[in-house]
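What follows is a short report on a single structure.
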Amino acid sequence: MAASAAVEFRDVAKSYGDLAVLREINLSLPLATTTAIVGASGSGKTTLLRLINALERPDAGELFVRGRALPVDDVEAFRRGMGYAVQGAGLFPHLSAYANIVLVARALGQDEATLRERALALAVRMQLDEALLERYPGELSGGQQQRVGLCRALMLAPDLLLLDEPFSAVDPITRVELYRHFEALVDGRALSVVLVTHDMREAVRLAGHLVILNAGRVAQSGATHDVLSAPADAYVARLLEEQLQ
Amino acid sequence: MRRGIKPTNGTHSLWALILALAVLLAAPSARAETLRVASKNFNESYLLGEIAAQLLQARGFDVERRFGLGGTLICYNALVGREIDLYVEYTGTVAQAILGGVADTDVGSLNARLTGVRLLTPIGFNNSYALVMRRQLLESLGVSRVSDLLAQPQLDIVVSHEFLERPDGWPGLVQTYALPHEPRGIEHGLAYQALADGSIDVTDAYSTDGELERYDLALLDDDRGFFPRYLAAPFVHDEVSAGAVAALAELTGRIDDLGMQRLNAKVLAGADFASVASDFLVAEGLVSAPSDGAESRLWRELRRNVLRHLQLTAIALGLAIALGVGLGVVVYRRPRLASAVIYVCGLLQTIPSIALLALMIPLFGIGLLPAIVALFLYALLPILRNTVVALVSIDGELLRTATAIGLSRAQRLLRVQLPLAMPALFAGVRTAAVISVGTATLAAFIGAGGLGDPIVTGLSLNDTRLILEGAVPAAVLAILIELSFEVLERRVVPPPLRSGGAG
């Protein structure tokens, strides 16, 4: 079945014990577009992301990723079809930057020459010097770590990229550099991106589609310019006003 | 980019090393045509064992020494179980301790009651209880037999507490001879000194004690044949070849009571068993000349002991690593099991090593196997505990990332969790290794050999030189193992995780 959306939520709910984290989530995230999930801490945005790659299971409702209903049988292959990068990069400290990038591909038994070619191409795109790849994460700056994390997320050439606040752990100057790297990365590619962030400026700059969460519910979902021009409610309006002035 | 694949390679080379070491060290024990000569853990037994061993070596047999076994039943069971091939036993001991108190103590009737094992012709001397006096006093009073004491009621008889109680000691003696004396008890170790300085007149002794010679004491003849006879004879199992039996038969009639006293006295005076045995064999014309000097013997012994020690430690440690890490992973995944498993392992750790070794004997006999099992049980806890703690303390966010990027459970374990656990795991292995090297010295008590052999012998002889012959190499070995683990750690643990490493 040809997917009409990258990710689709139908009446999805999720609780941890008595705490309802997500309620009545109905969303359709467009293909080949960067979607930003924006919300305050505790709004449920990270849980939303973890539902997509099956780190969490919904309590109710249905979830489709690229047209496939969850849960899937081979969850590992399913996850390998999506890139994943998190705040602080989530690099494994015992592996060099290079070994982090090629970790999954190597575990799959892909041949080293191919691995290397692809990893170096990604590094070039992220402006990571080849010598830096020899280093361990602890020997890299925060911005370099994030770029290595993005290379790792893209190593298996996914068509869906999940990013959990990947730009928030670095200083503002580095962050703007990272935005440029990210834009260069998605530019001209049919890559669907789900970007979780609490930073509305970042969302507006990078995303073509916005989903605004408020206390576990979708406050608004739509193309960025539509959301900016017509906030759905007072919460969205205040968020835009406070963060974008 | 080569650094990136190092950790996995390192893990492989660790296993390869352990395997190679185990194979290498296991190899020497698989030699054919070897006689395993044992002894109990007292001087005379060591000396007789050494004499038998050297004689057999001179007759072309390969000999493995399993000296210092802790008691009659351990030796006997080892002989019956074919874990040793021979040791020197006493007819009275066979009658009392092994056959449960039969009256007939001649070799023929004892052998008729034994199955699978037999005593050979006695060597000559009789190591029994006897009453002793200063030679000077004995001569001045003109006494020579126990019955002569009837006419000497003034003599102060002081005997060991054990002799005072045993039916084959004073109670039986006084009945047989109707002695009028009222003996007191004394600690056996003090009796010779008391006798020598004249504070007592008569005490009990073993008739071949080296002290008799040393203090110039004389035995009173047991003229009514009260004391059971303890004739020393090689004790072998039925599969020992006729050639070996013939070689041992050469000892028949070579050592009488006085001869044994003198040999024991030499050991008491500080000579080592090997040279006393070798001097005896040469003097008797049984062996032409010492086959090699003391120096090369020292080195040969040292090499053999060190190899055996390493063999014990390496096999036990290898098993403990395999099971400890495996069990650690299982326990980590089932937290409800964790406390129970760690508790049981901790409990094992509280058993004193010598007791744990002794507990292995009924299960595995004596020798290498029970020692390896005991060392393995000791090494298990530090490895298991460190594995579990290391796995538990890995950052949960990293594990979630490992899952999210599509690694399977096995891949997460091998590529993320175990490498991250490696420093703590390695520390556990290191602790276990040092414990094993130390504890392995005690394995000599159950006949496993190693550097504990000279220590155990030295302790029973109160011979510091001999103790150091085992203790110093054991300490050096512990240090070397510590150092080699440092080197190994550099290969196995990724640099950022090393103490003092980058990151």
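Data table
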read-out	value
Per-pair calculated FRET efficiency, R0 = 45 Å: B:VAL107 and B:ALA151 via Cβ, rounded to 0.05	0.80
Semi-axis lengths, Å, chain A, gyration tensor of Cα atoms, sqrt of 5 times eigenvalues	30, 22, 16
Computed E for A:TYR179/B:LEU414 - FRET, C-beta separation, R0 35 angstrom, nearest 0.05	0.45
Built amide H within the under 5 Å cut-off of B:THR208, gap 5+	B:SER128
Å³ per residue enclosed by the Cα convex hull of the range B:99-154	136
Residue among A:PHE167, B:GLY101, B:SER484 farthest towards the positive dipole end of the protein assembly as shown, charges placed on Cβ	A:PHE167
Test item: B:245-255 mean partner chain Cβ contacts at 10 Å	0
Paired Rg and Dmax values of the range B:99-239, which use every Cα atom, in angstrom	16.8, 56
Size descriptor, Kirkwood hydrodynamic radius, that averages inverse alpha-carbon separations across the protein assembly as shown, Å	32.4
Along each principal axis, Cα extent of the range B:39-179, largest first, Å	56, 31, 26
Contact order relative to length of the range A:3-152, as percent, for alpha carbon pairs under 8 angstrom and 6 or more apart	22
Overall dimensions of the range B:147-192 by Cα: Rg and Dmax, Å	10.6, 28
16 Å tail of the calculated P(r), the range B:293-396, as % of Cα pairs	64
Distance in nm between pseudo-label sites at B:SER144 and A:ARG205 (7 Å out along the Cβ direction from Cα)	11.8
Dipole axis of the protein assembly as shown (+1 Lys, Arg; -1 Asp, Glu on Cβ), positive-most option in B:LEU468, A:PHE78, B:ALA440	A:PHE78
Relative contact order of chain B, pairs being alpha-carbon contacts under 8 Å that are 6 or more residues apart, as %	18
10 Å Cβ neighbours from other chains, averaged over peptide A:86-94	6
Cα-centre dipole for the protein assembly as shown with unit charges at Cβ (Lys and Arg positive, Asp and Glu negative), debye to 20	3380
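Only the coordinates and a few stated rules stand behind these numbers; no lab work does. All values derive from a computational prediction rather than experimental measurement. Methodologically, a virtual Cβ is constructed for each residue, glycine included, from the backbone with ideal geometry; neighbour enumeration extends over all protein chains shown.
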